[in-house]
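One structure is given here, and the rest of the page talks about it.
Here, each number is a calculation from the coordinates, and none is a lab measurement. All values derive from a computational prediction rather than experimental measurement.
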Amino acid sequence: MVGSSHRSSIGRILVGGTGERLLSGASAPVAVAPAGYAGAGRAIQTVGCGFDGSQESQRALAWAAALARTAAARLRVLSVYERTLPASLAVGGGLATASINDVLREQREEELARAVSGLDAGIDASETLLDGDAIELLARESGELDLLVVGSRRYGPLRAVLLGSVSSALVRAAQSPLVVVPRAADGESAPQGSTRPRRIA
C-alpha cells in the first residue's frame, strides 16, 4: 500500500514522487490510500470499479468482484462514455456524428450490462453509465465509495505497471483509496479470488 503525501485543499489525494515511482514499478495490484486513512477504521462496504470494456478493465472488474465477495460488500461498476466527435459535424455518407455517438454509447451500455450480468450471482452488483469526462466523473463518484479499483494500461519492462491517463489522474484525484490492477501477462488468466494488493512501505 502506498500512502499519499497529503491531501489538497479540496480533500483529494496527492501522491508524492516516491509513491509514483513505486506504482510504476509494481507488478501486482497496488493500493493508494489518503493520508490518515489507516486510523479511520472504516469498513469496506461499497467497492467501485472503473470499466471501459478493455482487457485491463475486465481484469480490474474480476479483482474488484473477488474483493466484494470476500468482504460482503456492494459492487458498483462505473463506465463513462466520452463523446469523441462533435455532434455538429457530418461524416461520409451523410451520417451525423450525433448518430455515431449514440451507437457507440449504446455499445458501451450493452458491454457494461454483459460484464455485470456475467458476475457471480452472490455478488450485490450494480452498473452505472455516465456521460462526460472519465477522470472528473470517476473522481466524483469515488466520494461515495470505500474503494475504487481501476486497471493499468499494460505491462512495461519486467511486467511493471504502466499507468494510463485515467489511472494516472485518479491516483491524484480520487477521494477514496484506489487500487490499480496491472494487466495480465500473456497467457495469464484473470484473478480467481486473490484480493490482497501488494503493500509497499
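In this structure, the amide hydrogen of Gln175, modeled 1.01 Å from its nitrogen in the peptide plane, lies closer than 5 angstrom to those of Ser142, Gly143, counting only residues at least 5 positions away or on a different chain. Phi-derived couplings, Karplus 6.51 cos²θ - 1.76 cosθ + 1.60 at θ = phi - 60°, listed residue by residue for segment 45-58: 10, 9, 9, x, 9, x, 9, 10, x, 6, 4, 5, 6, 5 Hz, with x used for Gly and Pro.
Couplings 3J(HN,Hα) for segment 132-138, derived from phi with the Karplus relation 6.51 cos²θ - 1.76 cosθ + 1.60 (θ = phi - 60°), are x, 8, 4, 5, 4, 6, 5 Hz, where x marks Gly and Pro.
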